[in-house]
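> Dropping the structure in here first, questions after.
The values are calculated or read from the model by the stated rules, or taken from the named source; none is laboratory data. Worth saying up front: this structure is predicted, and the values here are computed from it rather than measured. Cβ placement follows ideal geometry from the backbone for every residue including glycine, while neighbour counts extend to all protein chains displayed. Surface areas here come from the heavy atoms of the whole protein model, side chains and all, with no ligands, DNA or RNA. Shrake-Rupley method; radii C 1.70, N 1.55, O 1.52, S 1.80 Å.
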Amino acid sequence: MTGDKRAVIVICDSLRRDLIGPANTPFLVELSQRAIQFAAHRSVFPSTTRASSASIATGCLPARHGLYGNTMALDEGDGLVCRNVGAPDFRDRMRRATGRTLHVPTLAERLRWHGEVSIVCSNVSPGAAYFQDPDGHGYVYHSAGSYGPGLTPVDDPPSAVLKKGNAGDQAMTDRFCADILEGRAPALALMWLSEPDYTGHHSPLGSPQHRAAIAGADRCVRQVFETVRRLDPSGEDILFVTGSDHGMETISEAIDISGLLVAAGIKEAPDSRDIVVAPQGTSATIFFSDAARGRVGATADFLTRENWAGRVVAGAALAEVGLPSDGALQVAVAMATDDRVNPHGVTGYGAIVANPDDPESKIGFGQHGGLGRHEQSPFLIAEGSGFAQRVETRPTSLIDIAPSVLRHLHMDHDDMDGRALPLTE
């Protein structure tokens, strides 16, 4: 049992570390001066929200937890087909196709083992929300549908009216603080904001709209922190963690990898199921049927020769970027990035992988998913639970958050890929 110990996590989706400053995030600057900030914090690969969510929930890399990005190829009985992980029904599709959801326990499941409860409030995609707790060990609140233990639907009218953006995030924050932190007091409470990701995908990075979204997220973090410290002024009982899942790059062009593979004679046809390209924003994972495994090398060689491709990994080398190599996923490519500066003074450009299911142009706006320096620069700040004020320069990752929570709750955490964040220098 945790006793009086609790943990509170707030995720500001897509807030890259170098965009934190006095003008837009006065509270995060203030908090970093009294807490520990992790200056070498990294995302996972693909650096997508859905894979990141599962990694934060499990303390494991995608290779172990089994969620490989914002899209995934599944064989649902008639060959490989690319599915959107963000769809409300993807969790059920995954379970039917593979016999399971995530391959390792989430924080919600681990807390249930100890008789404790977790509550998640999320204003991002259903997939990102539901993969915090895909099998219903605690409570998940989302506008697409909320549920409690056993995946029992929860009658929750307030969540049904939430919309992405600052207004929706603020409404969620008000409820999170009053009803959940003060009212229900679970051992773990996690809130995932839609901003600045939502605005970053629909406006230039650094634009007035984007900076307003960042400022809105900062206000929400302040409200949660002030609630937490009102409940526990000493910081001994409630661990407070805030961070982001990844950053963003500005998009310069869209590349139709699937079409190029067809034109090169490697993939049979645009909608063929021999080789399936799963777009991940600024990266792609590529799945092969058993009959097409002989074309893995040709695919990797083709991608390596393209100037828009950054890092290409195939077969056993997938382990180097935290992906499995024992299934249909056999090649991954992260798009090349550069340090050009956009019209609003924000550094970092890269190409996006064209997604036929998302034809809206992303050119000039923000995107993520790859290994670029800026999309791999989320922020992380922890306060309370013995963390002293300092800047930690040792490398940390999203997968280190879950073991840190379990250490604070006095629960085992040595079977994860991540390690608890260092308390001392």
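> Kindly list the number of the only condition in (1) outside any helix (DSSP H, G or I); (2) crowded, with 24+ Cβ neighbours inside 10 Å that fails for A254.
(2)
> In this structure, does V331 turn out to be surrounded by fewer than 23 Cβ atoms within 10 Å (Cβ to Cβ), among the hydrophobic types (A, V, I, L, M, F, W, C), touching a strand residue (DSSP E or B) at 6+ places or on another chain (Cβ under 7 Å) and within 24 Å of N84 (Cα to Cα)?
Details: surrounded by fewer than 23 Cβ atoms within 10 Å (Cβ to Cβ): no; among the hydrophobic types (A, V, I, L, M, F, W, C): yes; touching a strand residue (DSSP E or B) at 6+ places or on another chain (Cβ under 7 Å): yes; within 24 Å of N84 (Cα to Cα): yes.
Spelling it out, it is not the case that V331 is surrounded by fewer than 23 Cβ atoms within 10 Å (Cβ to Cβ), among the hydrophobic types (A, V, I, L, M, F, W, C), touching a strand residue (DSSP E or B) at 6+ places or on another chain (Cβ under 7 Å) and within 24 Å of N84 (Cα to Cα).
> Give me the residue from region 356-371 that is at pLDDT 95 or above and either surrounded by 18 or more Cβ atoms within 10 Å (Cβ to Cβ) or among the small types (G, A, S) (or both) and, out of that set, farthest from T71 (Cα to Cα). Walk me through how you get there before you give the answer.
Let us first name the residues in region 356-371 that are at pLDDT 95 or above, namely 363-371.
Subsequent filtering for residues that are either surrounded by 18 or more Cβ atoms within 10 Å (Cβ to Cβ) or among the small types (G, A, S) (or both) retains 364-371.
Numbers: G364: 23, F365: 20, G366: 18, Q367: 15, H368: 13, G369: 11, G370: 14, L371: 17 Å.
Once the filter is applied, the top-ranked residue is G364.
> Of L190, L239, L205, which residue is part of a loop (DSSP other than H, G, I, E, B), in contact with a Leu (Cβ under 9 Å, 6 or more places away or on another chain) and surrounded by 24 or more Cβ atoms within 10 Å (Cβ to Cβ)? Walk me through it before giving the result.
Working: L190 fails: part of a loop (DSSP other than H, G, I, E, B); L239 fails: part of a loop (DSSP other than H, G, I, E, B).
Criteria check complete, one pass: L205.
> Against the definition (open to solvent by less than 50 Å² (accessible area, probe 1.4 Å), in a loop (DSSP other than H, G, I, E, B) and free of Cβ contacts under 8 Å to residues at least 12 places away in the same chain), how does S272 come out, yes or no?
Values: open to solvent by less than 50 Å² (accessible area, probe 1.4 Å): yes; in a loop (DSSP other than H, G, I, E, B): yes; free of Cβ contacts under 8 Å to residues at least 12 places away in the same chain: yes.
For S272, the condition - open to solvent by less than 50 Å² (accessible area, probe 1.4 Å), in a loop (DSSP other than H, G, I, E, B) and free of Cβ contacts under 8 Å to residues at least 12 places away in the same chain - is met.
> Right, V391: open to solvent by 20 Å² or more (accessible area, probe 1.4 Å), over 18 Å from the mean Cα position of the chain (by Cα), closer than 23 Å to R17 by Cα and free of Cβ contacts under 8 Å to residues at least 24 places away in the same chain or not? Full working, then the answer.
On the way: open to solvent by 20 Å² or more (accessible area, probe 1.4 Å): yes; over 18 Å from the mean Cα position of the chain (by Cα): yes; closer than 23 Å to R17 by Cα: yes; free of Cβ contacts under 8 Å to residues at least 24 places away in the same chain: no.
So V391 does not fit the description; no.
> Among the residues of region 208-224, which ones are open to solvent by 10 Å² or more (accessible area, probe 1.4 Å) and either in contact with a Pro (Cβ under 8 Å, 6 or more places away or on another chain) or not basic (K, R) (or both)?
Narrowing region 208-224 to residues open to solvent by 10 Å² or more (accessible area, probe 1.4 Å): 208-209, 211-212, 215, 219, 222-223.
Result: P208, Q209, A212, A215, Q223.
> Next up: For region 56-65, indicate whether the set of residues that are more than 24 Å from M172 (Cα to Cα), assigned to a helix (DSSP H, G or I) and free of Cβ contacts under 8 Å to residues at least 40 places away in the same chain is non-empty.
Within region 56-65, one or more residues are more than 24 Å from M172 (Cα to Cα), assigned to a helix (DSSP H, G or I) and free of Cβ contacts under 8 Å to residues at least 40 places away in the same chain.
> Inside region 18-35, can you point out the residues that are open to solvent by 60 Å² or more (accessible area, probe 1.4 Å) and either within 15 Å of L205 (Cα to Cα) or assigned to a loop (DSSP other than H, G, I, E, B) (or both)?
Result: D18, P22, A23, Q33, R34.
> Pull out all pairs, ordered by first then second residue, where Cβ-Cβ is under 8 Å, the residues are six or more apart or on different chains, the first lies in region 283-301 and is open to solvent by less than 40 Å² (accessible area, probe 1.4 Å), and the second is among the acidic types (D, E).
Listed pairs, sorted by first residue: F288/D274; S289/D274; A292/D274.
> For residues in region 125-141 being open to solvent by less than 10 Å² (accessible area, probe 1.4 Å) and assigned to a loop (DSSP other than H, G, I, E, B), which is nearest to K5 (Cα to Cα)?
Among them, the one singled out is G138.
> For the structure I just gave you, tell me whether A292 is of a type outside the set (S, T, Y), assigned to a strand (DSSP E or B) and at pLDDT 95 or above.
Values: of a type outside the set (S, T, Y): yes; assigned to a strand (DSSP E or B): no; at pLDDT 95 or above: yes.
No, not satisfied.
> Of the numbered conditions (1) free of Cβ contacts under 8 Å to residues at least 12 places away in the same chain; (2) more than 29 Å from P270 (Cα to Cα); (3) of a type in the set (D, E, K, R), D92 fails exactly one; give the number of that condition.
D92 satisfies all of (1) free of Cβ contacts under 8 Å to residues at least 12 places away in the same chain; (2) more than 29 Å from P270 (Cα to Cα); (3) of a type in the set (D, E, K, R) except (2).
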